[in-house]
Every structure is written in C-alpha cells, then in structure tokens.
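Down below is the structure, laid out as structure tokens.
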Amino acid sequence: MTSLYLLLWIVGAIVLQLVIYLSIGFWRHWVNYLALRHTVSKIGLPVTAPLPVAEPEPTAAAWPGFRTFQVMHKVMEDGAKDICSFHLAPLEPLTLPPFLPGQFLTFRLEVPSLGGAGTEFITRCYSLSDAPQANSYRVSIKRAPSPAGSPHPPGRSSNYFHDQVQVGSLLQVRAPSGHFHIDHSDAPVVLIGGGIGVTPMLSMLNWVLMTQPEREVWLFYGARQSQELMTQPHLNALAALHANFHLHICLSQPGNDDELGQNFQHQGRINIDLLRHLLPLKPYHFYLCGPSPLLQSMVPALEDWGVPDARIHFEAFGPSSVKRKSVSAKPTVAANAANAAPADTALTVTFANSGQHFSWNAGIGNLLDFAESHGIAVDSGCRAGGCGSCQTSIVAGEVSYQQAPDYDPEPGTCLMCVCTPKTSVTLEL
Ligand code: FES
C-alpha cells in the first residue's frame, strides 16, 4: 500500500466518523424536536386540560368613570424628541391599584375645536409604559405629525399632550383597562414592539425583571433608526444586568451614527426568519404590538411556525385593522352574537332621559350609530369597544356583543359602539 492510499484511507475514516457523529447528533435533535412540537401542539388545541400558565383574571375597573390626575414629570425619551413620557399621580390621595402590564389608560381631553373657536372633548387611549408603581402611572406618547403630502391634520391628542400638557396640568383619566397583558406564569416570553408599539412591551419587560428576575425574556424592538428608539440607555442597562434578558434592536433605515453591532443588532425589519434563527426551541409566549404591517406579517408567520394561538398575543395601535385572534383574554363581557335578536325581530330602543323611542334598525350596526342617527348625543372615542367612552347604563332589556370588547363595561351598562339590542332596551340617555 502506497503512502497515498494510506492517506486516503485515513481521510476516508475521519470523514466517515464525522458523518456518523453528525447523523447521530441530528437524529437526537430531531427526535427531541418532534417530541417538543407534539407537546406544544397538544397544548395549543382547544384544551381539555388547562394551559400551564397562571393567567390573571381581568380586573374590574379600579374606579368608575374618570378621576383627576396631575402631571408630575415630563420626560423626552428619544433622540428625535418625538416621544414624551408623562408621569401621573392622582390629585386626591389614592394608592394606585396595580394594573396588568400591557393595559392602557383612557384620557378625556379638552382640546381646541377643529373649527378654531372654543374647545371640545375627545377621548384617547395610551398604553401604560412602565411596571405598576404605588404612586404614579406613566404613559409615553409619540407626537403624530401630518402624514407627508397629506391634507390630514397632525394628531390632535398627541400634539395636545406635547404642546399643552405641562407639569402640574390636570387630566381626566379612566382606570387601567384592556385584555392585552402579560401572563403571570414563569413561561419564557418574547416581546415584539414596532415603533411606539414598544410602550406596553416596556411595561411588561420592567415588570418581569422586577418581579420575576429569573424569567427568560426577549425583546425585539423595531424602528427606522436609533434616533427613534425610546429609552435605549435603560434597555441597554437592563440587558447588561440580566443575563436572561435578550435585547435585539432592528433598524430598517439606520442613520449615519448607527453602527451595526454597536447600538443595534440587526438591519431590516423584524421578521420570522430572525426569530427562527435566534430563538431556541421552547414554548414561548409571544406578545406583539405595533403598526398593522408588523402584525399582519408576524402573526400568521408565528402560526405557520407552529406556535399555538394561545401563545400569540397582540395589539395593534392606531386604527384597529388587525382582528384579535388570541384566545388568552378573558373578557368579563363575552361575545354573544349567537344570542342576538334575528334581524327581522321588531325591537324598540328607548332613550329614557330624552323620553324618545325608536324602532331598532338592524342594518345600522350598533347602538351608538343608531342613537346618533336620531340626534341623540353620546360620548365616544375609539368606537371599537376599547376606551369606555360610550358606556351607558341599561335601564331595562338586554344587549348582545358581536365581539367581546377590550374595555370591560361596569355592571348594568353597555358599550354602545359595539353592541346591539338583544331585546327591546331602555338606555339612560
Ligand atoms: S367609543 Fe370607545 S368603547 Fe365605545
């Protein structure tokens, strides 16, 4: 045997050993993967056994209607100076009840009328952006300019907050609300925030690291460039302090000062390939908030990846163009469209205070539109069951909901923007 043959035999033997070693490794990993996937998909089925998470019950509103809060601090949070945090304390002494990280506050604001003369009231919701504190709430609001080249005016509420609301200003605030909030288990979580959609993620993140410092948590935070990032020094400090917190900042249009690997980790938008590449195979809960394109791409991609619906939680900001699919929320008012009155049933809607009554017109959609079509004034904000503005007492009769509202109406009341009469109904209006 020549030395060349000997060398070939040795190389061949080494290659063969490598192939056997890699095959065994792959086979073990594949078996584990199949077992885990089987377990995960079992958990995701419409369950007979409960999910292994301690899901908190949605809280009833901590106070009815609006309370007066005072602005204690205003803090600019980003390099572009477009995001401002407002720290709010109740005017009258009150230990603030804890909220569920991810929930929002509803504000009733008196803003200049669009016509220019006088003022009018508008209602807006903003996510709480910090963990629950005993004495104050924090919301972080991004100034909304007019869209470039558009005749639309700048955001009334956000500009009012930035320009008119100062330290010492008084604001009318509803109690924290909303069904988009982190679970209280120790399951690993992935938080995905796009733009100002990061605010509820910050509340969740701060709460997790404060109360469950061992819990595994990932934050994927998307923006165009670092100037738009909120509280980046705070995030970097948390990442340095907690080995179980994994921070991934994704910039789609990095600025001249942005350096990959230095102040951001990925160039481009948050996408499923990035998650698949980085995340170990574990039964994560995914929480997403951001503009519709982010949710419209990521939610189906997570489902396609095999993440059970019960582990995907999301909330769109801005116009709610993404329907909630998550089954984790437990609204106190359930959708009961199946019990709705047939369209041809003759029902009467009575407005008690104004002494008027009208035949219900099912084609009009909801009680808010119906009241307004008859000249009955009703407070409204989101018109989507999220803010509680249109909450109205039911004097008699019943209503039904097509979809469970995000805001929990007080007992004996209804959210007119998302309900219809189930029987003839009398409302306190
Ligand atoms: S208008 Fe917001 S809940 Fe009805």
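For segment 71-100, the residues whose backbone nitrogen is under 12 Å from a point 7 Å from the Cα of V167, taken along Cα to Cβ, are 71-76, 87. Compute the distance in nm between two label points, each set 7 Å from the Cα along the Cα-to-Cβ direction, one at S252 and one at D379. Reported label-point gap for S252 and D379 is 3.6 nm. Among residues other than R383 with Cβ under 14 Å from its Cβ, the summed charge is -3 (Lys and Arg +1, Asp and Glu -1).
Multiply the residue separation of N353 and V19 by 0.36 nm, subtract the distance between their alpha-carbon atoms, and state the gained length in nm to one decimal. Could the numbers behind the result be given before it?
On the way: separation 334, 0.36 × 334 = 120.24 nm, distance 8.24 nm.
Difference between extended and current length: 112.0 nm.
Length gain on complete extension for the stretch A134 to E120, per 0.36 nm per residue less the alpha carbon to alpha carbon distance?
On the way: separation 14, 0.36 × 14 = 5.04 nm, distance 3.24 nm.
Fully extending the segment from A134 to E120 adds 1.8 nm.
A simple rule links phi to the HN-Hα coupling: the Karplus curve 6.51 cos²θ - 1.76 cosθ + 1.60 with θ = phi - 60°, which for segment 410-417 gives 5, x, x, 10, 9, 9, 5, 6 Hz, with x for Gly and Pro. Take segment 189-316 with all the other protein chains still there, run a 1.4 Å probe, and you get 40 Å² of accessible area per residue. Solvent exposure of segment 337-427, expressed per residue, is 44 Å² of accessible area, with all protein chains present and a 1.4 angstrom probe.
A Cα-only calculation for segment 87-229 places Rg and Dmax at 17.0, 55 Å.
Peptide packing for 224-233, 239-248, 4-13 was compared via the average number of neighbouring C-beta atoms within 10 Å per residue; ordered from the highest value, the list is 224-233, 239-248, 4-13.
Could you please report the charge total around A341, scoring K, R as +1 and D, E as -1 over all other residues with beta-carbon less than 15 angstrom from its beta-carbon? Each step should come with its number before you reach the end.
Values: positive: K422; negative: D344, E398.
Local net charge: -1.
Run the paramagnetic zone check for Q267: 7 angstrom along Cα to Cβ, then residues of segment 188-221 with backbone nitrogen under 16 Å. Inside the label zone: nothing. Each residue, E428 and K74, gets one label point 7 Å from its Cα in the Cβ direction; the gap between the two is 3.7 nm. Label-to-label distance, D369 versus S146, with points set 7 angstrom from Cα along the beta-carbon direction: 3.0 nm.
The values are calculated or read from the model by the stated rules, or taken from the named source; none is laboratory data. This is a predicted model, so every value here is computed, not measured. All Cβ positions, glycine included, derive from the backbone under ideal geometry; neighbour counts span all protein chains shown. Areas reflect the complete protein model, heavy atoms only, side chains present, ligands, DNA and RNA absent. Shrake-Rupley method; radii C 1.70, N 1.55, O 1.52, S 1.80 Å.
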